[in-house]
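The structure appears below as structure tokens.
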Amino acid sequence: MVKRKDTGRRSDTDVDVGLGGILRGLGGLVEQLTELAEAGGKLARSGELRGGEPGREIRGIYGFTVKVGLGGEGAKVEPFGNIRRDDESGRSVVQEVREPPVDVFEESDHTLVVAEMPGIAAEDVRVEVEDDVLTISAERGDKKYRKEVLLPGSFPREKMQVSCTNGVVEIRCVR
């Protein structure tokens, strides 16, 4: 679409091919990533990344994934790790249980859930499902993971196949 702008000086022609929305979305994403980087830097400098029982320190892990959806969903930033903000004090705290990064893929005949849990083997993984909420948890040594995932529908536990290779957990959900 071709639009005419009235600038008061001279007549300019502007071509709008839908890039304005994309560029605004990227600008917002860059702004969010900058805020996250600054917050991460503050956490690293503040020394608040300690936790656990005396004599047994817990290492703080924080990261985020950026997912760009199809169909106009836009960019979505999802944090992972074991650093959370305490609602009461407003301070960052390190929890013993890590939240792993998870991806959900909808295929024609099944839904595939992929979780990254370094240091975990297949026998360490526990899967529970209630309605359309899948809970994945695992524990091996000092590595503890837990994540609740919203599925695109309800799946029976009996029709879920769980595998784990090199800490990458795959859960194939069949209706």
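The values are calculated or read from the model by the stated rules, or taken from the named source; none is laboratory data. Everything numeric here is computed off the predicted structure, so don't read it as measured data. Glycine also receives a Cβ, built like all others from the backbone with ideal geometry; neighbour counts cover every protein chain displayed.
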Only one of (1) in contact (Cβ under 8 Å) with a residue 24 or more places away in the chain; (2) not assigned by TED's automatic domain parsing to the domain that holds E31 fails for R126. Which number is that? (1)
Looking at segment 94-103, which of the residues that are surrounded by 16 or more Cβ atoms within 10 Å (Cβ to Cβ) and in a strand (DSSP E or B) is modelled with the highest pLDDT? V102
Kindly establish whether A75 is surrounded by 12 or more Cβ atoms within 10 Å (Cβ to Cβ), outside any loop (DSSP other than H, G, I, E, B) and in the same structural domain as R146 (by TED's automatic domain parsing). no
Please verify whether G90 is within 19 Å of the chain's Cα centre (by Cα) and at positive phi, treating the condition exactly as stated. no
